[in-house]
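Reading through the structure tokens given below for one structure.
The values are calculated or read from the model by the stated rules, or taken from the named source; none is laboratory data. All of these numbers come straight from a predicted model, not from anything done at the bench. These accessible areas exclude ligands, DNA and RNA; they are computed on the full protein's heavy atoms, side chains included. Shrake-Rupley method; radii C 1.70, N 1.55, O 1.52, S 1.80 Å.
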Amino acid sequence: MDIASIIGTVAAVTMILGYIPQTIKTIRTRKTDDIALGSFVLMAVGAGCFFVQGILTGNVPLAIANGLTATMSTIIFAIKMANDHRARRK
């Protein structure tokens, strides 16, 4: 395995591990008051683009890492939107 592959693998693992705690906490507590909506939208779009790039270039680790990251960002975004909608209705 060359150095670029090692760095890519470390990046993929750390990105996924970085999102897991926030995703789990958001799913469990449903609390999203302190989450910046714009940040999660941009991160989901960026991860989605990297996912597509990974598919188009045949870079499986890039596709997997960013597919998972985009999914977790989308889950958090959806919960945030639902919470914001409920708060506006009150």
On a 0 to 90° scale, report how tilted helix 37-57 is relative to the longest principal axis of the chain, with both axes built from alpha carbons and the result rounded to the nearest 10.
30 degrees
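Got a number for carbon plus sulfur as a percent of the chain's accessible area, 1.4 Å probe? Provide the component values of the computation, followed by the final result.
Details: 4240 of 6090 Å².
Heavy-atom surface of the chain belonging to carbon and sulfur, 1.4 Å probe: 70 percent.
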Computed over the chain, protein heavy atoms only, probe 1.4 angstrom, the accessible area per residue in square angstrom equals 68 Å²
Springs between alpha-carbon pairs under 10 angstrom, Gaussian network model over the chain: which of 48, 67, 58 fluctuates most?
58
Compute the helix-to-body angle for 60-89: its Cα long axis versus the longest principal axis of the chain, expressed 0 to 90° and rounded to tens.
10 degrees
